[in-house]
Amino acid sequence: MEANCSNMTPLSSDFAQKENTVCIFGTGDYGRSLGLKMLQSGFSVIYGSRNPSSASLLPKGVEVLSHSEAASKSHIIFVAVQRDHYSFVTKLSRVLEGKILVDVSNNLKINQYPESNAEYLAQLVPGAKVVKAFNTVSAWALQSGTLDASRQVFVCSNDSKAKHAVMDIVRTLGLTPHDQGSLLASKEVENYPLQLFPMWRLPLCICAGLTVLIFLYCLITDVIYTAATEEKDVSFRIAISIPNKVFPIVSLILLALVYIPGVFAAIIQLHRGTKYKRFPDWLDRWMLCRKQLGLVALSYAFLHAIYTLVIPIRYYVRHRINSYIITQIRKNETSPLDNTMAWRTDAYIALGILGFFFYVLLGITSLPSVSNAVNWREFRFVQSKLGYLTLVLCTGHALMFGWDKFLSFSRFRWYLPPAYTLGLVIPCTVLVLKLILITPCLDRRITKIRQGWEKSPTGKPSENGDVPLQCKL
Amino acid sequence: MEANCSNMTPLSSDFAQKENTVCIFGTGDYGRSLGLKMLQSGFSVIYGSRNPSSASLLPKGVEVLSHSEAASKSHIIFVAVQRDHYSFVTKLSRVLEGKILVDVSNNLKINQYPESNAEYLAQLVPGAKVVKAFNTVSAWALQSGTLDASRQVFVCSNDSKAKHAVMDIVRTLGLTPHDQGSLLASKEVENYPLQLFPMWRLPLCICAGLTVLIFLYCLITDVIYTAATEEKDVSFRIAISIPNKVFPIVSLILLALVYIPGVFAAIIQLHRGTKYKRFPDWLDRWMLCRKQLGLVALSYAFLHAIYTLVIPIRYYVRHRINSYIITQIRKNETSPLDNTMAWRTDAYIALGILGFFFYVLLGITSLPSVSNAVNWREFRFVQSKLGYLTLVLCTGHALMFGWDKFLSFSRFRWYLPPAYTLGLVIPCTVLVLKLILITPCLDRRITKIRQGWEKSPTGKPSENGDVPLQCKL
Amino acid sequence: MEANCSNMTPLSSDFAQKENTVCIFGTGDYGRSLGLKMLQSGFSVIYGSRNPSSASLLPKGVEVLSHSEAASKSHIIFVAVQRDHYSFVTKLSRVLEGKILVDVSNNLKINQYPESNAEYLAQLVPGAKVVKAFNTVSAWALQSGTLDASRQVFVCSNDSKAKHAVMDIVRTLGLTPHDQGSLLASKEVENYPLQLFPMWRLPLCICAGLTVLIFLYCLITDVIYTAATEEKDVSFRIAISIPNKVFPIVSLILLALVYIPGVFAAIIQLHRGTKYKRFPDWLDRWMLCRKQLGLVALSYAFLHAIYTLVIPIRYYVRHRINSYIITQIRKNETSPLDNTMAWRTDAYIALGILGFFFYVLLGITSLPSVSNAVNWREFRFVQSKLGYLTLVLCTGHALMFGWDKFLSFSRFRWYLPPAYTLGLVIPCTVLVLKLILITPCLDRRITKIRQGWEKSPTGKPSENGDVPLQCKL
């Protein structure tokens, strides 16, 4: 809707010419796309070019002048040339004095130059008001106009009025401006479009590592062991049976990894007796990717759920069940219903379903629009209380699945315990540590520390000039 | 991204000192966190304290002065002390004259005081422009800077310029300001962070009540009856079989409860002949929690779906099927394919799946970001038309499941009909009432009333000075 | 929260009367609802009416005056009358000079009049500053105040200050203003609330057409053929078996249709040697509804997944399995485990699950709030790379399902090949074309063209005055 609104024919003469003339330096691809979009939104566009006569492919209805002539006709100049060629603006410093220079450039690599392009431009023309904007919007998005991503335009500048003028233009083009503060932010703004899921890299690496490890482990215990000892080819297990062991184990470990840093942080704060010392870097980084870790864990839980539900459809499973029935009939045996067995299997399935349900709930609340609609207390309630409930349910699901098999060494193959036994180590540790931390005496101390209390080196509690604000958690 | 942008080193000297000095009253936890964040975003920070010499733990690079000295150096003063200690500002009323006072405080309980903290502060210093802000952001969120929740900062003030100045600061800190109007809103703004899903309380209570009720009912008819009459222990049904009766029944009732208030409202409007009288309070409250009721219903439908899909994996089910086959073989019987049975079971499964599909669709469209992207007509189409389609499909699913069992008293246990029979009462009533309401004659009348028409007490239609705007529904 | 904040009692005397008086022309339904909402948000409301004495049903606390008297008391006048009655404002042109006129009207049909209502109003009173706003909010939403949809208020005007004044009012009422630029946009703003999923119409039509076609095809080959040749009634297949063929086939075709326009566009660009010529209209329209096509495909994939998972619950399936076992026993046969078969079925199930997983991932990233949180590069990565991965996995799933049946004419019924064979034609074609396009030589050429390079008609590459900005893709 918003996009369509700006797909309009140019505004009629008078209104546009006085108020709405913009100048674009550079007749390259981006300059052309930007100019076309500006025209369609009712602006008059004047291009500044080195060789005004030879510029081609420009949208109809624009003027092409020399740089200085073009700049003199507008208060706002978009610089759509590569950083390497910025130097030409130094010659124009007189005509650019007091004008708004919009730097739309991007780099090819993150942190390519010591200072951002916008800061560099500001150094070249100290008299101009440099605004960084539009670099997050591609030429293609400007042309097609209806893409979902790329609506966001990050704007930053040291001059507040210039920034607001550019933000108004952004809005008129049907895009959404985001005030990013001063030009200090321009480096981050320039790096932004070059990023490819930076927060997801660590969680995905951890996940991939665990997946490979546990897959190989299961391959050895399930396929290779059987091939070596029983000389039976069960390699078809690679398609479903083994993944359906790998997914739940990795998922549970990842979910536990989401809650370890919180436990570590509490232990560190307890030990130091203050919350005002920074955590070690690795813990900080870990804490920042908890959401991503949790979502990767959820996706594995989702796969585990479906892989489990297809079990009765599989040819192998049907064949095994048929064989079992036929064998029973041939032997003329009848196995009565085992009540304990019925309880146990139903309970572990029910625990798994409930765990998955809360897993999904956690995932939904981490959607940006949902987490924006809840307050801090509610967010913490969901992510912490429901999160631990999920961990407890899923760990219970795994424990109930293992039942009495944990201790039966007869099930070990080549002295290797079943994979899920290994997978339970971290989750159980986390839960035990958390249980210790929420004992009243420790819990009270942590709460005090998080409210700003400090263990005084001299043994006296620290005294502040003012009364501390009550705890906000 | 936005958050990162503000994790920067302080701005270089000149620029910052003149424009960007803020004062913070209070050196407690929140004052310190706020000051640190301000410093990182390029502000100069001056603390005002009762005992400037004894203030400790403050971030590096700040000044600590007496309250009046600090206030005189900045146009914006953040009051980060507890409400109980606000009285000290009365002594500063001269120096605070015309300045912006930002109240960041929270209370411990909802509606703790007769007036909001911000209004109280405004009464103490009538010459200052009091702005309520930042109370939704916790000290922890300010420090860590990258949390998903808590980006929203609600801002309200009677002075529009002061409000916009504070909103600019909020943006510079990488947070999202929301204009909430005048200080009248401050009470709601102060209550907001103390809320824990207030809109969800009623729906969750209704859901919990129904769940317990129907669970006990099923426990009696399924487990206790069997134990009493057949002396068989089928307690394992508690894990999956009974929940898988409770979930669909409660889900269907809740879905019907979503559509009852609309039906009631139409009946009341029809009876009164006007839409300009307020509905009774209970109906208003019911209407406001329809979305939450629907989402609880969806989560139960989700659980029902998974509980149903795991059926063939259960030990008990496999055992029963095996026994059945073995019995058939022993008896040398063959049951031919029953076409009616095949149709019936397939139809009720298909109805259930389609119902669940539209259920999920309704859930997705109630995500904030999705419902913001559709217009009023589209939203109504989805929530009303698709909602009723879902109710029809799910009720049909239950009816088809029951088939001819509704009337067979032989299935009653201790004179108790099967639980799903009871569960169908409300949905069927709603559908019948709705069917009556959409008969042309009633529908026309309701439409007229909703367009503003009124049944005149004297029998004549009311006449307005102006032509009523056409119906917007 | 935001909505509640404005459900307040009117502001106390002094403050409100001077600053916050608004005038509403029209005492119809919308005028009344708007006035009530304004009152609740602290405004003084004065109604302008033809017959001030006879106006009824107005909220308490408002004044009703003649049009000109009312207009003279406020700077902002809301025109809540139907377009047909706008002419009365011409008589008021003197008193309306320089004032803000807010057009809140809607039409009954899209593009009902040659010019928008707001433009018509602006022509009638050239001296007033006309702002289009509030038409997206229904009278009902204003009254109830807490609806999810309808928070968005699109605002447009040729006068920037008037626009911002109205946007401030919108915010004060607890709604979200969206700047839509000049009055040129008013036509789109007026059409907006009349739309019913315009972008979804084409995808849903395509989907419905394909569904009917393939359903009939399957009906012929599965039910009618069996009835005609074997005289067996298998009509119960209509409920689940046939839909579970239709859904995956249509889903796969639709997914392929999402990626065809990109392939076509690349071929056209390669052939023309430039990206600066417009694509044919049909291709443009196709490209714009790719997201919707993909989501329809996802919903069918979702249905296919559930329809598949319920297979073992179906009476018909259980009966067939039982019969098979009983037959085997009677014949005293034993079928050994077929390793190839185990591999094949497990592999096609696993491919299907993985394909569905990425399908869901694509769906989640197309949620507005998620796609807003990723940058252009990340969005493209997900939608293009993961999209093709999904297509490959799902096509592989179908191919593996078919296995060696594609070539066995014995399975043809009435010379008709199985439906899935037909369904695979388009997906395979797309994949082959894409494979050709990503060969290094073609890929390099397309990349160059998309960076703005042009095949010069004289054989020389075009030269621009400025260096083209580097590729943003």
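Bear in mind these aren't lab numbers, they're just calculated from the coordinates by the rules spelled out. Owing to the predicted nature of the structure, the values given are computational and were not obtained by experimental measurement. Quick reminder, even Gly has a Cβ in these numbers, built from the backbone with ideal geometry, and neighbours come from all protein chains shown.
Points worth noting:
- Shape parameters for chain C, alpha-carbon atoms, Rg then Dmax in Å: 31.6, 103
- In this Cβ point-charge picture (+1 for Lys and Arg, -1 for Asp and Glu), the range A:2-194 has a dipole of about 260 debye about its Cα centre.
- A cut-off under 10 angstrom between Cβ atoms defines the neighbours of residue B:344, and their net charge, with Lys, Arg +1 and Asp, Glu -1, is -3.
- Alpha-carbon Debye profile of the range A:198-450, log10 I(q)/I(0) at 0.08, 0.10, 0.13, 0.14 Å⁻¹: -0.40, -0.60, -0.95, -1.07
- In nanometers and ordered shortest first, the copy-to-copy spacing of the residue C:216 label point, defined 7 Å from Cα toward Cβ, is 5.8, 5.8.
- Order of B:232, A:109, C:291 - criterion: other Cβ atoms within 10 Å of each residue's Cβ, fewest first: A:109, B:232, C:291
- Mean Kyte hydropathy of -1.0 or more with a Cα span along the axis of at least 20 Å, helices from DSSP in chain A: A:198-218, A:243-272, A:290-309, A:315-331, A:339-365, A:387-402
- Shape index of the protein assembly as shown: Rg/Rh, with Rg the Cα radius of gyration and Rh the Kirkwood radius from the inverse mean 1/r over Cα pairs, equals 0.97.
- Subset of A:245/A:405; A:245/A:434; A:291/A:385 violating a 20 Å alpha-carbon distance limit: A:245/A:434
- DSSP assigns beta bridges within the range A:2-194; of those with both partners inside it, close to 5 percent run antiparallel.
- Exposure proxy for B:425, B:374: other Cβ atoms within 10 Å of each Cβ, ordered fewest to most, give B:425, B:374.
- Counting only GluC sites (Glu not before Pro) that DSSP places in a loop and that have at most 14 other Cβ atoms within 10 Å, the longest clean stretch of chain B runs over B:334-462.
- Shortest first, residue B:93 label-point distances to identical copies amount to 5.4, 5.4 nm, with the label point at 7 Å from Cα along Cα→Cβ.
- Percent of beta bridges antiparallel (DSSP, the protein assembly as shown, rounded to nearest 5): 10
- A Förster radius of 22 Å, combined with the Cβ-Cβ distance separating residue B:385 from residue B:202, puts the computed FRET efficiency at roughly 0.30.
- Net +/- balance of residues flanking residue B:202 in space, Cβ distance below 11 Å, scoring K and R +1, D and E -1: +3
- 3J(HN,Hα) along the range A:78-85: 8, 9, 10, 10, 6, 3, 4, 9 Hz, from the Karplus curve 6.51 cos²θ - 1.76 cosθ + 1.60 with θ = phi - 60°, whole Hz, x for Gly and Pro.
- Pairs of Lys residues in the range B:58-138, spaced 8 or more positions apart or belonging to different chains, with C-alpha separations under 16 angstrom: 4 in total.
- Charge dipole of the range B:200-450 (Cα centre as origin; +1 on each Lys and Arg Cβ, -1 on each Asp and Glu Cβ, all else neutral): 940 debye, rounded to the nearest 20.
- Between identical copies, the spacing of residue C:440 label points, each set 7 Å from Cα toward the C-beta atom, reads 7.4, 7.4 nm from nearest to farthest.
- Projected label distance in nm at residue B:267 and residue A:283, using a 7 Å step from Cα toward the beta-carbon: 6.1
- Listed residue (C:54, A:23, C:369) projecting farthest to the positive dipole end of the protein assembly as shown, Cβ model: C:369
- Ascending count of other beta-carbon atoms within 10 Å, so fewest first, for C:200, A:286: C:200, A:286
- Charged neighbours of residue A:179, selected by a Cβ distance under 9 Å, balance to +1 (K, R count +1; D, E count -1).
- Placing +1 on the Cβ of every Lys and Arg and -1 on the Cβ of every Asp and Glu, with no other charges, gives the protein assembly as shown a dipole of roughly 1380 debye about its Cα centre.
- In this structure, residue A:63 and residue C:164 have a Cβ-Cβ separation that, at R0 = 25 Å, corresponds to a calculated FRET efficiency of about 0.25.
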